[in-house]
């Protein structure tokens with residue numbers, strides 16, 4: 001499948017202009033920063049604080065913004081118009097995802113600095129953050145493609161928020177209900193494991209396991225979002 | 001060379017045929033009008049021809065390729081489309097919307113100026129789309145559809161939201177595009193519009209083509225074989241066209257008695273009603 005950088009850039013620029021004029025969605029950019037400031041005051045060593053900061057940012061910013069951008073295009077019929085131009089599936093999906101990717105990366109970098117989080121392994125940290133942004137962007141794309149309106153999209157991310165943000169707390173339930181051990185394989189849980197690595201010592205396995213599990217999630221959700229988009233090219 | 005070929009295309013939604021064994025072809029350079037009331041299957045056909053919908057059975061081809069191939073970028077460069085499903089970016093200006101399309105079609109900067117002139121919106125280019133009237137939005141959507149001067153243009157009710165002045169401007173533009181070689185596939189329920197700009201028309205009713213031909217030929221076929229004569233004394237006659245009538249009219253003319261003489265030519269609307277027994281709404 002061909003990708004045209006010119007078309008990707010055109011869609012990126014268009015999305016940037018639309019996003020910067022859409023205050024209802026662009027206000028989401030400040031939430032991760034607010035959360036970072038609140039937790040900084042509480043102390044960076046607060047248990048689960050870094051995990052909550054990143055996981056909530058991925059849901060409230062990355063997933064929400066992407067879902068809204070896609071759903072708004074559907075609601076106003078611009079997605080179908082875009083599909084009728086020479087832009088390929090990958091041109092549209094990459095173009096529409098790059099804005100959310102860049103915004104998430106910048107806001108998370110600022111939030112990390114404000115919060116004062118220092119990763120045990122900077123490369124693993126960067127890798128898991130990049131994977132998570134792609135993963136939650138794909139999740140947002142899926143939510144947006146399933147929604148008919150902007151309102152539906154806002155509601156559709158609630159299950160994502162509940163499952164993904166709540167998964168790391170599932171360990172508490174897993175003691176009484178072993179079935180909840182499955183929540184440990186959620187990307188948010190794996191992110192918490194990786195963020196919690198000790199500066200004093202960790203094994204390669206401690207780094208690789210969360211990265212590989214999140215990579216698998218990223219691949220699966222990205223493929224699902226591409227398939228779903230292609231199905232939306234046609235009416236039933 | 002035919003740009004569009006449709007053979008026995010059927011599209012079924014549930015228990016209802018939206019299209020039933022529709023067949024026709026459109027040669028290059030023609031303005032072809034698909035006429036029919038709302039819900040007659042016009043938009044369904046455009047969706048099939050632009051690969052947005054698969055037919056239940058039958059074959060549709062565009063540019064000698066199966067219509068399903070119209071999803072490919074190379075094919076999309078060759079056609080433009082304006083339908084009810086077209087949309088605009090509300091927070092962007094007219095110019096910004098067109099800039100997006102210019103870049104997607106990889107066109108020179110001058111393409112935006114050219115198309116803005118075409119739709120008579122050069123003076124409004126900086127206006128945000130959410131401030132535009134319905135007619136202006138329709139013109140911007142048309143501009144997006146034709147910015148790349150496509151070989152084939154699908155238009156679904158292109159002037160439905162326009163006033164007569166703007167409609168006339170669009171007709172002029174469509175003829176200009178057609179003169180440059182663009183084949184135009186137009187759906188409308190406006191018979192006057194079809195009569196004015198289409199080389200050929202097909203009347204679609206309940207998913208089936210009722211008749212097809214040039215507006216002139218259709219009118220000739222469905223003309224009532226009578227002549228109306230009104231004499232200067234106020235008497236009016238409806239006479240069959242035959243030798244006796246010709247002699248009678250010649251006599252009245254010699255004596256200077258004729259005030260008005262005309263054949264009754266049906267409009268496309270009359271033909272539609274005659275063929276379907278239904279008003280065109």
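Okay, residues lined up against (1) modelled with pLDDT of 95 or more; (2) within 14 Å of another protein chain (Cβ to nearest Cβ); (3) crowded, with 20+ Cβ neighbours inside 10 Å:
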site	(1), (2), (3)
A:5	no, yes, no
A:11	yes, yes, yes
A:28	no, no, no
A:32	no, no, yes
A:35	no, no, yes
A:38	no, no, no
A:41	no, no, no
A:51	no, no, yes
A:56	no, no, no
Pairs only if they're at least six apart or on different chains, beta carbon under 8 angstrom, first in segment B:63-91 and more than 9 Å from chain A (Cβ to nearest Cβ) and in contact (Cβ under 8 Å) with a residue 40 or more places away in the chain, second part of a helix (DSSP H, G or I) and surrounded by fewer than 21 Cβ atoms within 10 Å (Cβ to Cβ); list them, first residue then second.
-> B:63/B:75
State yes or no: is residue B:220 in a helix (DSSP H, G or I) and either exposed (fewer than 14 other Cβ atoms within 10 Å of the Cβ) or within 22 Å of the chain's Cα centre (by Cα) (or both)?
-> yes
Do we find a residue being out of contact with any helix residue (DSSP H, G or I) (no Cβ under 8 Å at 6 or more places or on another chain) and either modelled with pLDDT of 95 or more or assigned by TED's automatic domain parsing to the domain that holds residue B:165 (or both) anywhere in segment B:77-95?
-> yes
Mind listing whichever residues of segment B:127-149 are part of a loop (DSSP other than H, G, I, E, B) and away from every other protein chain (no Cβ under 11 Å)?
-> B:127, B:132, B:133, B:149
Selection from segment A:186-207 of residues that are exposed (fewer than 13 other Cβ atoms within 10 Å of the Cβ) and assigned to a helix (DSSP H, G or I) | A:204, A:205
Going through segment B:31-61 in order, the residues found to be touching a helix residue (DSSP H, G or I) at 6+ places or on another chain (Cβ under 8 Å) and under 24 Å from residue B:171 (Cα atoms) are B:31, B:33, B:34, B:35, B:36, B:49, B:50
Out of B:113, B:106, sole residue that is over 27 Å from residue B:198 (Cα atoms) and within 13 Å of chain A (Cβ to nearest Cβ) | B:106
Does residue B:269 satisfy the condition of being without any contact (Cβ under 8 Å) to a residue 60 or more places away in the chain, surrounded by 13 or more Cβ atoms within 10 Å (Cβ to Cβ), within 20 Å of the chain's Cα centre (by Cα) and outside any strand (DSSP E or B)?
-> no
Within segment A:210-236, restricting attention to residues that are touching a residue at least 24 places away in the same chain (Cβ under 8 Å) and within 14 Å of another protein chain (Cβ to nearest Cβ), which residue is farthest from the chain's Cα centre (by Cα)?
-> A:233
Among the residues of segment B:150-200, which ones are more than 10 Å from the chain's Cα centre (by Cα) and part of a strand (DSSP E or B)?
-> B:152, B:153, B:183
Checked segment A:101-121 for anything more than 19 Å from the chain's Cα centre (by Cα) and surrounded by fewer than 19 Cβ atoms within 10 Å (Cβ to Cβ); matches are A:113, A:114, A:116, A:117, A:118, A:119, A:120, A:121
Candidate set from segment B:92-103 (those that are within 7 Å of another protein chain (Cβ to nearest Cβ) and surrounded by fewer than 23 Cβ atoms within 10 Å (Cβ to Cβ)); member that is nearest to residue B:24 (Cα to Cα) = B:103
Can you find even one residue in segment B:30-45 that is assigned to a helix (DSSP H, G or I), within 11 Å of another protein chain (Cβ to nearest Cβ) and within 25 Å of the chain's Cα centre (by Cα)?
-> yes
Residue B:79 vs. criteria surrounded by fewer than 23 Cβ atoms within 10 Å (Cβ to Cβ) and either under 19 Å from residue B:104 (Cα atoms) or within 23 Å of the chain's Cα centre (by Cα) (or both) = no
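The values are calculated or read from the model by the stated rules, or taken from the named source; none is laboratory data. Please read these numbers as outputs of a predicted model, since none were measured by experiment. Positions of Cβ are generated from backbone atoms using ideal geometry, with glycine treated the same way; all protein chains shown enter the neighbour counts.
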